Amino acid sequence: MSQIVLGVGGGVAAYKSALLLRALTESGHDVRVVPTASALRFVGAATFEALSGNPVSTEVWDDVPEVAHVRIGQRADLVLVNPATADLLARAAAGRADDLLTATLLTAHCPVVFVPAMHTEMWQHPATQDNVATLRRRGAVVLPPAVGRLTGPDSGPGRLPEPADVAALAELVLSAGAGALAPDLIGRRVVISAGGTREPLDPVRFLGNRSSGLQGWALARVAAARGAEVVLVAANVELPAPFGVRVVAVESAEELRTAMHTESSGRQHAESSGQGAARPADVVVMAAAVADFRPATVAGSKLKKGGAAEPSSVELVRNPDVLVELVGSRPPGQLVVGFAAETGDAEGDVLTHARAKLARKGADLLVVNDVSAGRVFGRAENEVTVLATDGSATAVPSGRKDAVAAAIWDVVSDRLPRQA
Ligand code: CTP
């Protein structure tokens, strides 16, 4: 159980902080809500007190013998400000201490995460951007805002991410520190495949695999939180899109192949943004479990028992290797990351097989899962080794898939060419 301070700024998105509070307490954390005075014009103190089980105050003048303005920050394991308004970011960047929340921000030794929400103009204003840069320089995490519906008829960047995404990222920072959400992917385009393909046999049956898509989802969520523009090519995954991530749904290996070529080359990006030139992805990650084989023929109607048409066997043909194709057609500077689920056998251990696969596929990095004895599939925890072409092997200890994703992005980020 961690001690979390949930700072709440005075914007209409404050209503979502009640749901975030609930998610955090349900995960077993002790949450102390510190709203600004204006936040209480949107959500009443009684709501925060009832959901947190802790008292709520906005001013340094409450609970004076407790020296609350110092103690609350000192004791916290995480300060999470949700929503962070333009005014709150400005006061935090200036180091003001004119209410309990800003005083808490000055006394906290722990990671601090700001989740901005405001109108697009306010977010994009140079004053706000300077404040964000200042806070990031000092080590605070300032998440990029989601894009979508804002108050009134407007929409654009400035929307508060959904409580489930913020809660997941808060857990990541609690377990791995603020560095897990370093803003090192700002300006990068990332295309990730996730899930498992389905190869149709007839209109109702398919050959599939047990990939849950959870690791690919975590990679997308963390990349977006680190500032990347993310496209997730998702094969048969029934999970809500992580905030800030565009999901392209596919089913078969062939559909996944087409989507990955289009998205990684940037052709789709050029069309949808109205910009003439295609802008290829900086990083392509093949986390999907792609079927190596598909049925040679797909029946047009459901295969029935009995009669002459009953199949006695299924003939399979080889699918193209999408990763090898992507490596072969990649533009200069694009980093390609493969995944490999391996088991050791009489011919070699997991890493020996994985090194051979890295060489065979030609990718820059290979994220290796040891799947001996049914490990990994569908579980929240994972443990990987990241192999690189220079012979290095980075062991990522067992952890939640978001923490593993952050460690993978650390390795990728170190290898990206510098931005102009
Ligand atoms: N992959 C791919 N296209 C395929 C098969 C695999 O792009 N038809 C990608 C996966 O997304 C993954 C990597 O290749 O990033 C390794 O997948 P894996 O199944 O371990 O590789 P295979 O080449 O199928 O090797 P094996 O013979 O061990 O099954």
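The values are calculated or read from the model by the stated rules, or taken from the named source; none is laboratory data. Every value quoted in this text rests on a predicted model; they were computed, and no experiment measured them. Heads up, the Cβs are rebuilt from the backbone with ideal geometry, glycines too, and the neighbour counts pull from every protein chain shown. When the accessible area is computed, the model is the full protein with side chains, heavy atoms only, and any ligands, DNA or RNA have been set aside. Shrake-Rupley method; radii C 1.70, N 1.55, O 1.52, S 1.80 Å.
Taking Pro161 and the conditions (1) assigned to a loop (DSSP other than H, G, I, E, B); (2) surrounded by fewer than 16 Cβ atoms within 10 Å (Cβ to Cβ), which numbered condition does it fall short on, given that it satisfies the others?
(2)
Return the total of residues in segment 342-367 being open to solvent by 60 Å² or more (accessible area, probe 1.4 Å), near the ligand (Cβ under 8 Å from one of its atoms) and either over 29 Å from Ala278 (Cβ atoms) or at pLDDT below 95 (or both).
Selection size over segment 342-367: 0.
Would you check which residues across segment 314-350 are closer than 17 Å to Ala259 by Cα and basic (Lys, Arg) and list them?
Arg330
Could you check segment 283-310 and list, in sequence order, the residues that are more than 30 Å from Ile408 (Cα to Cα) and either within 26 Å of the chain's Cα centre (by Cα) or loosely packed, with under 14 Cβ neighbours inside 10 Å (or both)?
Residues satisfying the conditions are Ala296, Thr297, Gly300, Ser301, Lys302, Lys304, Lys305, Gly306, Gly307, Ala308, Ala309, Glu310.
Condition first: within 12 Å of the ligand (Cβ to nearest atom) and closer than 22 Å to Ala224 by Cβ. Now tell me which residues in segment 276-314 satisfy that.
Val284, Val285, Met286, Ala287, Ala288
Suppose we keep only residues that are open to solvent by 80 Å² or more (accessible area, probe 1.4 Å) and away from the ligand (no atom under 16 Å from the Cβ) within segment 315-337. Which one would you say is nearest to Leu366 (Cα to Cα)?
Restricting to residues being open to solvent by 80 Å² or more (accessible area, probe 1.4 Å) and away from the ligand (no atom under 16 Å from the Cβ), the top hit is Pro332.
For residues in segment 73-87 being polar (S, T, N, Q) and out of contact with any Leu (no Cβ under 7 Å at 6 or more places or on another chain), which is surrounded by the most Cβ atoms within 10 Å (Cβ to Cβ)?
Only one residue tops the list, namely Thr85.
Tell me which of these Asn236 doesn't satisfy, since it passes every other one: (1) within 13 Å of the ligand (Cβ to nearest atom); (2) touching a Gly at 6+ places or on another chain (Cβ under 6 Å); (3) not aliphatic (A, V, I, L, M).
Of (1) within 13 Å of the ligand (Cβ to nearest atom); (2) touching a Gly at 6+ places or on another chain (Cβ under 6 Å); (3) not aliphatic (A, V, I, L, M), only one is false for Asn236: (1).
Please determine, by comparing only the residues of segment 18-43 that are among the hydroxyl-bearing types (Ser, Thr, Tyr) and within 15 Å of Met118 (Cβ to Cβ), which one is least open to solvent (accessible area, probe 1.4 Å).
Top of the filtered list is Thr36.
Can you find a residue that is touching a helix residue (DSSP H, G or I) at 6+ places or on another chain (Cβ under 9 Å), buried (at least 18 other Cβ atoms within 10 Å of the Cβ), assigned to a helix (DSSP H, G or I) and not acidic (Asp, Glu) anywhere in segment 193-212?
Within segment 193-212, none of the residues are touching a helix residue (DSSP H, G or I) at 6+ places or on another chain (Cβ under 9 Å), buried (at least 18 other Cβ atoms within 10 Å of the Cβ), assigned to a helix (DSSP H, G or I) and not acidic (Asp, Glu).
Residues checked against (1) farther than 27 Å from Pro183 by Cβ; (2) touching a residue at least 24 places away in the same chain (Cβ under 8 Å); (3) assigned to a loop (DSSP other than H, G, I, E, B):
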site: Val5; (1), (2), (3): no, yes, no
site: Ala46; (1), (2), (3): yes, no, no
site: Ser57; (1), (2), (3): yes, yes, yes
site: Val60; (1), (2), (3): yes, yes, yes
site: Pro83; (1), (2), (3): no, yes, no
site: Ala93; (1), (2), (3): no, yes, no
site: Leu101; (1), (2), (3): no, yes, no
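In segment 88-109, how many are surrounded by 20 or more Cβ atoms within 10 Å (Cβ to Cβ) and among the acidic types (Asp, Glu)?
Final tally of qualifying residues: 1.
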